[in-house]
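Trainee: One structure coming up, written as structure tokens, with questions to follow.
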Amino acid sequence: MGKWKIVTIVGARPQFIKAAAVTRALRDDQRIEEIIVHTGQHFDPNMSDTFFDELMIPAPRHHLGVSGGGHGRMTGRMMERIEPVLADERPDMVLVYGDTNTTLAAAVTAAKRHIPVAHVEAGLRSFRRGQAEEINRRLADHASSLLLCPTAAAVANLRREGVTDGVHHTGDVMFDTSVYARDRAVERSRVIERLGLEEDRFQLATVHRAESTDSREALAAVLGYLKEQARQTAPVVFPVHPRTAQAADHFGLDFNGLVACEPVGYLDMARLLSAAAAVFTDSGGLQKEAFFYRVPCVILRDETEWVELIEAGWSRLWRCENFKPRRDIDEYGDGHAAEIIIRLIGEFLDGREE
Ligand code: UDP
């Protein structure tokens, strides 16, 4: 029997962080060859290359160079360029992550070529039907053969949609990456010194979603909230996502009163989390990472897919008053979700050969 070939298709910052865990575990697996494809959705060095370097992700074999241009154009161009790569590589499976246009383009293109798709982070739902991420994740799930769910809630969401075949609760690969990076971050990162911060005497914020940045009113409300937190409590470090920088510029809003900086690398982010007193974010990944570091988090949104964070008292929505009583969360796993995912992929591919 030859090796199985898997094509992993990524393109956005959170996908590099998730794929890092699985890619590392795949390198130890003699049965599987992994080819990485980068769509180009995020292309700034501090949104892309830094993560490949720091998390030791092998260089992509194919770089598709697609970014910007609106959802339809971006997704369409990705599909157009993914198709010949799949025709050429002829993989046994395509592996996708999360809920971006890259996820959607890859899942649909592979499914239409009858290549089974494995979706890591399957089953998450915000229940906001018009939201870009929600559209991407629903469609990707329904095009996938292997639905790898980080939480019990995700499994239940799929069941409600009638999807039960190939559904598994694996734990969260972001926790794997967080465990991998924690000690390295404390050892190597000098971000606390560079930004002139003191341990436990600062707060950390990120903002990048369309709901927060697409209108002047929404962005002004979020920035006003962060500035108020900085005034009342402690400095707020704010690594600014390119989309947010562009929106602030366009709407004539500023970051005065915040410790604004360029997006930071993963190790710097891990170091900031290890020392922050509180987190404010509209990011799906960061709200969980706040819990990994046991930092309370205010979610700058009106809903979250990571409902267990709210139930267990580690996060609250910004317009809700109080945190619920705190308890631990074990469903994200023990830092070995990637190994579970690889075992399931192996079983799936084995089953197809019989
Ligand atoms: N992140 C980072 N540097 C930054 C901001 C975020 O390394 O300046 C990391 C963060 O720690 C998390 C991931 O990027 O692991 C979250 O990505 P993002 O907020 O872009 O997307 P989402 O999680 O909302 O899909």
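Trainee: Among Arg137, Arg129, Arg77, Arg125, which is at pLDDT below 95 and touching a helix residue (DSSP H, G or I) at 6+ places or on another chain (Cβ under 9 Å)?
Mentor: Details: Arg137 fails: at pLDDT below 95; Arg77 fails: at pLDDT below 95; Arg125 fails: at pLDDT below 95.
Of Arg137, Arg129, Arg77, Arg125, the one residue that is at pLDDT below 95 and touching a helix residue (DSSP H, G or I) at 6+ places or on another chain (Cβ under 9 Å) is Arg129.
Trainee: Only residues in the stretch 129-156 that are over 22 Å from Ala210 (Cβ atoms) and part of a helix (DSSP H, G or I) count as the first member; pair them with residues that are open to solvent by 20 Å² or more (accessible area, probe 1.4 Å) and within 16 Å of the ligand (Cβ to nearest atom), Cβ under 6 angstrom, at least 6 apart or cross-chain, and list the lot.
Mentor: Ala153/Val307
Trainee: Something else about it: Identify all residues within the stretch 1-25 that are open to solvent by 20 Å² or more (accessible area, probe 1.4 Å) and within 16 Å of the ligand (Cβ to nearest atom); write none if there are none.
Mentor: Within the stretch 1-25, Arg13, Pro14, Arg24 qualify.
Trainee: Select from the stretch 185-240 the residues that are under 15 Å from Ala260 (Cβ atoms), in a loop (DSSP other than H, G, I, E, B) and not β-branched (Val, Ile, Thr) and list them in ascending order.
Mentor: Within the stretch 185-240, Leu195, Gly196, Leu197, Phe202, His208, Pro235 meet the criteria.
Trainee: Give Val279, Val307 a once-over and let me know the one that is open to solvent by less than 10 Å² (accessible area, probe 1.4 Å) and of a type in the set (Val, Ile, Thr).
Mentor: Working: Val307 fails: open to solvent by less than 10 Å² (accessible area, probe 1.4 Å).
Exactly one residue qualifies, and that residue is Val279.
Trainee: For the stretch 291-324, name all the residues that are out of contact with any Asp or Glu (no Cβ under 7 Å at 6 or more places or on another chain), under 23 Å from Asp176 (Cβ atoms) and charged (D, E, K, R).
Mentor: Matches in the stretch 291-324: Arg294, Glu305, Glu311.
Trainee: Name the residue that is modelled with the lowest pLDDT, counting only residues in the stretch 332-354 that are among the acidic types (Asp, Glu) and in a helix (DSSP H, G or I).
Mentor: The qualifying residue modelled with the lowest pLDDT is Glu353.
Trainee: Let me ask something additional. Could you tell me which residue of the stretch 139-153 is surrounded by the most Cβ atoms within 10 Å (Cβ to Cβ), considering only residues that are within 19 Å of Glu311 (Cβ to Cβ) and either under 15 Å from the mean Cα position of the chain (by Cα) or among the acidic types (Asp, Glu) (or both)?
Mentor: Pro150
Trainee: I'm checking my understanding of the structure. Among residues of the stretch 69-107 that are within 16 Å of the ligand (Cβ to nearest atom) and not in a helix (DSSP H, G or I), which one is most open to solvent (accessible area, probe 1.4 Å)?
Mentor: Asp99
Trainee: Just one of (1) more than 16 Å from the ligand (Cβ to nearest atom); (2) closer than 26 Å to His63 by Cβ trips up His119, so point out which.
Mentor: Evaluating His119 over (1) more than 16 Å from the ligand (Cβ to nearest atom); (2) closer than 26 Å to His63 by Cβ leaves (1) as the failure.
A quick yes/no check of all residues on (1) open to solvent by less than 20 Å² (accessible area, probe 1.4 Å); (2) within 15 Å of the ligand (Cβ to nearest atom); (3) touching an Asp or Glu at 6+ places or on another chain (Cβ under 8 Å); (4) among the aliphatic types (A, V, I, L, M):
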residue: Arg190; (1), (2), (3), (4): no, no, no, no
residue: Asp200; (1), (2), (3), (4): no, no, no, no
residue: His208; (1), (2), (3), (4): no, yes, yes, no
residue: Ser212; (1), (2), (3), (4): yes, yes, yes, no
residue: Leu226; (1), (2), (3), (4): yes, yes, no, yes
residue: Arg231; (1), (2), (3), (4): no, no, no, no
residue: Phe238; (1), (2), (3), (4): yes, yes, no, no
residue: Arg243; (1), (2), (3), (4): no, yes, no, no
residue: Ala248; (1), (2), (3), (4): yes, no, yes, yes
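Trainee: I'd like the residue in the stretch 262-283 that is out of contact with any Cys (no Cβ under 8 Å at 6 or more places or on another chain) and among the hydroxyl-bearing types (Ser, Thr, Tyr) and, out of all such residues, is farthest from the ligand (Cβ to nearest atom).
Mentor: Start the filter on the stretch 262-283 by keeping residues that are out of contact with any Cys (no Cβ under 8 Å at 6 or more places or on another chain), which leaves 262-277, 282-283.
With the extra rule that they be among the hydroxyl-bearing types (Ser, Thr, Tyr), the set shrinks to 266, 274, 283.
Numbers: Tyr266: 4, Ser274: 12, Ser283: 3 Å.
Restricting to residues being out of contact with any Cys (no Cβ under 8 Å at 6 or more places or on another chain) and among the hydroxyl-bearing types (Ser, Thr, Tyr), the top hit is Ser274.
Trainee: In the stretch 166-185, what residues are surrounded by 22 or more Cβ atoms within 10 Å (Cβ to Cβ) and of a type in the set (Gly, Ala, Ser)?
Mentor: Gly171, Ser178, Ala181, Ala185
Trainee: Is it the case that some residue within the stretch 314-322 is without any contact (Cβ under 8 Å) to a residue 60 or more places away in the chain and buried (at least 23 other Cβ atoms within 10 Å of the Cβ)?
Mentor: Going residue by residue through the stretch 314-322, those that are without any contact (Cβ under 8 Å) to a residue 60 or more places away in the chain are 314-317, 319-322.
In the following step, the residues that additionally are buried (at least 23 other Cβ atoms within 10 Å of the Cβ) were identified as 314-315.
Yes, some residue in the stretch 314-322 is without any contact (Cβ under 8 Å) to a residue 60 or more places away in the chain and buried (at least 23 other Cβ atoms within 10 Å of the Cβ).
Trainee: Failed condition for Lys288, given (1) buried (at least 19 other Cβ atoms within 10 Å of the Cβ); (2) more than 14 Å from the ligand (Cβ to nearest atom), with all others met?
Mentor: (2)
Trainee: Being charged (D, E, K, R) and crowded, with 16+ Cβ neighbours inside 10 Å is the filter here, so list the residues in the stretch 250-269 that pass it.
Mentor: Asp268 - this is the single residue of the stretch 250-269 that is charged (D, E, K, R) and crowded, with 16+ Cβ neighbours inside 10 Å.
The values are calculated or read from the model by the stated rules, or taken from the named source; none is laboratory data. Given the structure is predicted, the values throughout are model-derived calculations rather than measurements. Here Cβ is always computed from backbone atoms with ideal geometry, including for glycine, and neighbour counts include all displayed protein chains. In case anyone asks, the SASA skips ligands and DNA or RNA and just uses the protein heavy atoms, side chains included. Shrake-Rupley method; radii C 1.70, N 1.55, O 1.52, S 1.80 Å.
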